[in-house]
Structure formats: C-alpha cells, structure tokens
Amino acid sequence: MSVQEDGAAGPEPEILRRHDSLYGDAEKVSNNKRHGAGGSWARTLQLAFQSIGVVYGDVGTSPLYVYSSTFPNGIKHPDDLVGVLSLILYTLILIPMVKYVFIVLYANDNGDGGTFALYSLISRHAKIRMIPNDQTEDANVSNYSIEAPSSQLRRAEWVKQKLESSNAAKIALFTITILGTSMVMGDGTLTPAISVLSAVSGIREKAPNLTQSQVVWISVAILFVLFSVQRFGTDKVGYTFAPVISVWFLLIAGIGMYNLTVHEITILRAFNPKYIVDYFRRNGKEAWVSLGGVVLCITGELAVTEHCTIAKGEKNRTRKGSDSSHLRNVAGTEAMFADLGHFNIRAIQLSFTCVLFPSVALCYMGQAAYLRKFPENVSDTFYKSIPAPLFWPVFVVAIMGAIIASQAMLSGAFAILSKALSLGCFPRVEVVHTSNKYEGQVYIPEVNFLIGAASVAVTLAFQTTANIGNAYGICVVTVFSITTHLMTVVMLLIWKVRLPFIAAFYAAFGLAEFLYLSSILSKFAEGGYLPFCFSLVLMALMATWHYVHVKRYWYELDRVVPAAETTALLARRDVRRVPGVGLLYSELVQGIPPVFPRLVDKIPSVHAVFVFMSIKHLPVPRVAPAERFIFRHVVGADDAGHRLFRCVARYGYTDPLEGAKEFAAFLLDRLKVFVHEEAVFACSQRAGGDNDDDDEMRRAQAMAEEEKRLIDAEAERGVVYLMGEANVTAAAGSSVMKRIVVNYVYTFLRKNLREGHKALSVPKDQLLKVGITYEI
C-alpha cells in the first residue's frame, strides 16, 4: 500500500491511499532495466548470426525464382537485364533496408511486431478498440505504460481526438489490421509451395528424364513431411537454421562473384538508376507488368515483421531512436519485424546490411551476368548458373533452405493467429505451446491442416514456380501498404515526428508499393485471385466473429445486474451457500453478468466463496504474473460475510493461459493477499490515521487471517467452474445480412470449433454450464 503524507507543518497522521489491489506489485516491476542493443558487441554478433537462419531464410531463397517470374516470355533486349537488376537492387534497398530495418523495427510493441502489434500500440494511445473493457488499472501494467501525447503537441492531440470520436476511423483501423493478418495467412499457403517447388526443380539438371509432374509430386511429399512435423515445434530443429542459411548465403555470394568474373563484370552498372528509366521507356506496359516478378525478391520478408518479441525480463522502448527491442522471428520484409529467437535491433540491422544484402545482391548480379551470355536459360537461371562441381552441395542446401523458409512462415502464421485469438478476432481453436523456453512458439492443428492442404493443392494445380509467382506477391505487397498506413498513424500520434518527414515516408513508400501492387493486380486472373480470395474469406470469418463478440459484450454490459439485485438474490430464503469455491466465467469486466440471476434461479445455491471471473487480454504482448489479477468485493468490503468477489485476470496477447489447477491456486493466493490488504485499508480509513488504534488494526488483521483460513478450507472442498453457454441470435426485425451472419455463420463457427471450457483447460468433472439466450 502507498502512504501519503501531508506537507503541512508539524506531525500529521498518515492516510492510506486506496489503489488497485496489485498497485504495489505493479510498481515493483514497472521499472525494468532496459537492455536493448546496449550489450557487448560479442553478444550482438552472436545474435546477428542466430538471426540469419530465423529471419532471412525466405528472402534468401528468392533468387531461385525471381528472374524466371520477371521474364516469363524470355528476354527481348540485353539491356533489359540491367534495368531489372537495377530494380531488384533498389527494391532491396528501399523497402527491406530503409523502411523495415531502419524505420519500422523501432515501432515494435514491447518487442512484438506486425499489423496486430501496431494496432495494439495505437490502441494504448487512443481508445480505438470496439470492446469497451478499458480500466484505469490497465495503465499500471508495466508493459502498458507509454508516454502520452503531450498537450503542447496539438497535432498528436488532434489525431487522438479524431480517432477516438470517429467510429469510421476505428472500424477502418481494425479492418486494415485483420486484412493484413488475413493476407499473411494467404501468403502462408504459397510460401511453402513456391519455395519447395523451386528448390526441387533443380534436380532436373542432373536427371533430365524427370517430368515436371514427377518434380511436383516430390515437392508434395516434402510438403507433407514439413506440415507433419509442425506439432513438434520450431525449437526442436531451430538450432540448425543459422548454420544452414549462413552456408546458403556463402554459396550464393560465391557463385554470384564467380559469374560476375567469368561472364560480364560490366553488369555492375546496374547501380546507376538511369537503367530503370531506360527499361521503362523501352518496354512501357510490359516493364510495369514485370514489376510483379521483381517484387518477389522481397516477398520472403513477410513473416519477419509479423511477429517480434523481447527477451523474457527485458523491456524495450517504443519511441523512435531507442535501440532497445529484443526481437523474435515469424517468417520473410514483414519478416524483419520477428519470433523464433531473441534478437535486438542492432543485430537485425547488422545481419541484414553485412550478410543478407551483399549475398543476395551478388547472387542477382551474377545471375544477370550469366543471362547476358545465356538468355535462353532464364526459366531456370539459378541452377543453370551454378558451376558443375558445386551443383549437388547447392541443391541440398537449397532444399534445406526452402524448408527453413517455409518453417519460418508457418511459425509466424501460427503466432499471428494466436494474437488474433487472444484479442477476440478469431474463432476459438486449439493453441499448443511447443516450447517451454519461448512463449511465442505455438502450433495450431486446425490451421496447420488447412494451410498444408492449401499448399499441396496450389502445388498440384499450378505446377510451376512461374505460375505460382503470379499469385504470390499480391498478399505481401498489400501487407507492405497496410504497414505504411499504420506507421503513418504511429508517427503522427506516438512518435510525433515532423510533418515533412511523415509526408516523405508516406509518399515514397506509398507510391512504390502502389506501383508494385498495381502490377501484381494485372495478373489477378492468372492466379492472383487465389490468395486474395482465401484472404477475403478468412477476413470475413474474423470480422464476423469479432462483430458478434462486440455485440455480445454490449448486450451483457447493458444488462449488468445491480448491486441491490445481487443482495436481494443472496437474501432469498431458498438460496443456500454450499461448500467450495465457485468461479463464474464471463467476458464482462465492469459488473455482474446477466447469467448470474439465471444460475441462481435454476440452481438456488451459491458457493461459500464465489468469484465472478473475467479473462481479459490487454493490447500488450505480456503481463507480468505479479500484475495478473484485479480484485473487488461485490457486495461491499464491510460485508465480508458474503464472500463474493469480482476478479479480472489480465493477459498479454502472447501470454499462454495456465492450466486450470495452476490458475486456481494462483488466483486463490492473490485473493488472500487482497483480503488482507482490504482489511488493513478499511481499518486505516476508520481510524483516520490515529496511532492509538493499534488494537483495532490487530483485530482487523486477525479477521483477515480468519478469512484467509476460510478460503483455504473452502478451496480444499473443491473448485467448481461455471460458464454461461450463450446462444446468440439476431433480434427480431434484424436485416437479412445480420441474420445470416449471426444465426448461421457465427453459430456454425461456435458449434464446430473449440468450446470455451476447453480453451481454458477446465476439467469436465468440475464444470457446470448455464444456458442463456442473447438477442442482439
């Protein structure tokens, strides 16, 4: 408890100031030492090496298919190679390096990255979430507190006011966030297909009798194995990532230098951007269409930005200019933002600028030099340009690199959906945590099956990497554009950057991404529709689930049971107090849910210790266990005989839920702490700070000890979990669309996906469900 002293002359009585029951614990952990990138260079170099395998596997394998996708109809003019190489080099410099490595990485949310992380970061500075479950105590969570916009900066205040007062702005921000997530999932169906197929296709160089269909079936077999081993978790095979990808980068850089030396060193003139202008002048619309192939050089970056996490116990700044984020990978330029290891920003920057960029740039330059002499080999540039003695080593490492790239994408997809699930934006599915060391490594069986089936279907249907390439880029570039828009809001609201810099950022990257997106959309009918339609379906499911989730919350909020009615229920003659502890789960954090009177009507009994339990996910990655619970008395602190409590358990969107037994034990321990603190506080309030009331304080502490013993005794008699089984239907007079969404789509999802008690790991023999119907 905090103590406040009056500053007047002479000794004054001390007055206990009432805070949230965990305010003291929150203060103890809210000043974590910020480690950031300030560690030793030896540690930074180690992290940079580890990040190579986790972060860059996908973008590193892009040279397998970029030229074949850019020139599907062959090379018409020798200088077109110089123009395309120049486009590739400046695309790598502009988007992954400048935008992501040196700007976007600083906008991580306590170490987590991606569209959901940016959305949650914005939502802590402006009330843009559509579920009204904000509590003032949330700001005391150590990862939550961020400097608010200064009243002196009118622009930031104006942006905050506009976002909070406009439903359209709230809906728009949420929509582009789930669109970005859906696009990442759409990309996740294509990354394994194109990566594995492009790597396996090289075997035809040494086995020309193999048909393309046989290559496809070999790829399908590898994909089957890849998706089958996901349940074991990334950390089981992750130790090999960095060495394999490092060897890959050394090989492609060496081959690139060899081709430059042997074939045509003058290809280096591609660093002059005038060749880009010449390329567009010479080819016009065809040059614009070819941008859809060029952009594949950075599509591997998608997963790395979608998921980053700081090392346990370390906290990063979210202000630009802070070096202190410890990132973990998800999968390719969105991939830089990342989930599999713990990497600070300096390590990511070092590995990109000193390893990835030089290696892939040399590889692309070497391939261009080779194609200047052998333009007829553009459909299989990578393997044709390999010196004969190196073919088999490169082929084997290419297969391993493709698997690693796919693994990173899948790991990112699971982690992203885990975030969406915790924020109420995705139907309940089983989330398996595959690592005791890294909480962000998860496996979702249903999603793994669907993505695996889709990847196999894409491989069988499209047959070649050129065909898959037509479909590949649309999701990635859409996410790039969404990140640019969300970053602009971050710069306006949180970083408070000068307007000229914001305008330059938005114009430069917005225009570049628009050009790439418009080019990719030109191939919509040739396969681009596939991931786009997949993403729209997933987005529609997410929007449906969240829409009903919000409506249901408002329904409960409008029908909160008043304190007087709760007292009357307990006073009824037919209502008995039965032994044990009862936990009634509800999403409502502001009061007593309407399912409680129905429970008492059906079963006229209330457990001796009864807790109205709400699980709440905050827009932060993690909540420290010491800050987990907020308790309040329901009937009143002075009427302890009722022993009715409200409790909110707060989790971050990457926090795993404990098992039921561990959760109940932790909750009851914190409940006893709350009972003791409330007794001391109430006694202090009555005493008014009088130091002669020591006897009353001792009596209060004795009563608190008795209450704690009673809680222990009731816990030994058993804990019962109660849940409202809500049947949500559209209210009479609703539109046809609303009835379809609520009565059919939502009901189908709710009945066919995971039930609430399974998501919370509640034992069936301790579960009691109460049916109730909500008309929204």
Rounded to the nearest Å, the spacing of the alpha-carbon centers of segment 349-396 and segment 241-299 is 9
In this structure, the FRET efficiency calculated for ARG231 and VAL537 from their beta-carbon separation, with R0 = 30 Å, to the nearest 0.05, is 0.75
Expressed in nanometres to one decimal, the distance between label points 7 Å along Cα→Cβ at TRP288 and ARG43 is 5.2
Taking protein heavy atoms only, a 1.4 Å probe, and rounding to whole percent, the accessible area of segment 559-775 owed to carbon and sulfur comes out at 52
With label points set 7 Å from each Cα along the Cα-to-Cβ direction at LEU768 and SER166, the distance between them in nm comes to 5.0
Rounded to two decimals, the Rg over Rh value of segment 509-635 from Cα coordinates and the Kirkwood Rh reads 1.25
Label model pair ALA732, ARG572: point-to-point distance (7 angstrom along the Cα→beta-carbon line) in nm is 2.6
The Cα radius of gyration of segment 559-775, divided by 2.2 N^0.38 Å with N its residue count, comes to 1.15
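Using R₀ = 25 Å, calculate the FRET efficiency as 1/(1 + (r/R₀)^6) where r is the Cβ-Cβ separation of PHE524 and GLU446; round to 0.05.
Values: r = 29 Å, r/R0 = 1.15.
E(calc), rounded to 0.05, equals 0.30.
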Rounded to the nearest 10 Å², the 1.4 Å probe accessible area of ARG739 is 90
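Listed highest first by mean packing, meaning other Cβ atoms within 10 Å per residue, what order do 479-488, 537-546, 574-583 come in?
Highest to lowest by the protection proxy: 479-488, 537-546, 574-583.
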With a 31 Å threshold on alpha-carbon distance, the violating pairs from LYS419/LYS496; LYS160/LYS672; LYS99/LYS162; LYS738/LYS764 are LYS160/LYS672; LYS738/LYS764
With every protein chain in place, the accessible area of PHE748 for a 1.4 Å probe, in Å² rounded to the nearest 10, comes to 130
Reported to the nearest 10 Å², GLU526 has, with a 1.4 Å probe, an accessible area equal to 110
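The values are calculated or read from the model by the stated rules, or taken from the named source; none is laboratory data. Model, not experiment: these values are computed from the prediction. Cβ: placed from backbone, ideal geometry, glycine included. Neighbour counts: every protein chain shown. Note: accessible area is taken over every heavy atom of the protein model, side chains too, but ligands, DNA and RNA are not part of it. Shrake-Rupley method; radii C 1.70, N 1.55, O 1.52, S 1.80 Å.
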